[in-house]
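Worksheet: one structure, shown below.
The values are calculated or read from the model by the stated rules, or taken from the named source; none is laboratory data. A quick note: this is a predicted structure, and the numbers were derived from the prediction, not measured. When we count neighbours, we look across all protein chains shown, and the Cβ atoms used for this are built from the backbone with ideal geometry, even at glycine. Side chains are part of the model used for accessible areas, which takes the heavy atoms of the whole protein and leaves out ligands, DNA and RNA. Shrake-Rupley method; radii C 1.70, N 1.55, O 1.52, S 1.80 Å.
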Amino acid sequence: VQLVESGGGLVQAGGSLRLSCAASGSTFSIKAMGWHRQAPGKQRELVAVITSGGGSTNYADSVKGRFTISRDNAKNTMYLQMNSLKPEDTAVYYCNAWVTTMTYWGQGTQVTVSS
């Protein structure tokens, strides 16, 4: 499974961005996908998760009500709609895919929120 993120950039506080994660390869084997982020000097943290069918989602408390995870299985693409962005959301955002015995990661996309 190969994952490629896009959609990061620089935005002012209160603004919005939509991240995309395009999957290729053995996508039929993916059980769930997620978005993670890592700010400078901090550990990577889980932001949101979505099951393969898209029927179940879960969010970190810090982003609940502001971020929405979704996926389009026909396009093999997962999204993260980020609204009401805050400076503390600044980080490199990574998508990942959980397969039965392995986890795959994208290369990351930078999101910078200015105050």
(message) Checking the structure you have, find out if any residue of region 39-54 is closer than 21 Å to Val1 by Cβ and touching a Ser or Thr at 6+ places or on another chain (Cβ under 6 Å).
(response) yes
(request) Tell me, yes or no, whether region 19-35 has at least one residue that is open to solvent by 60 Å² or more (accessible area, probe 1.4 Å), under 13 Å from the mean Cα position of the chain (by Cα) and modelled with pLDDT of 95 or more. (result) no
(message) Looking at Leu10 and the list (1) open to solvent by less than 60 Å² (accessible area, probe 1.4 Å); (2) assigned to a strand (DSSP E or B), which single condition is not satisfied?
(response) (1)
(request) Take the residues in region 36-48 that are open to solvent by 60 Å² or more (accessible area, probe 1.4 Å) and in a loop (DSSP other than H, G, I, E, B), then tell me which one is nearest to Thr101 (Cα to Cα). (result) Arg44
(request) Identify all residues within region 60-87 that are at positive phi and out of contact with any Lys or Arg (no Cβ under 8 Å at 6 or more places or on another chain); write none if there are none. (result) Gly65, Asn76
(request) Might you let me know whether region 100-108 holds any residue that is at pLDDT 95 or above, within 14 Å of Gly15 (Cα to Cα), out of contact with any helix residue (DSSP H, G or I) (no Cβ under 8 Å at 6 or more places or on another chain) and not hydrophobic (A, V, I, L, M, F, W, C)? (result) no
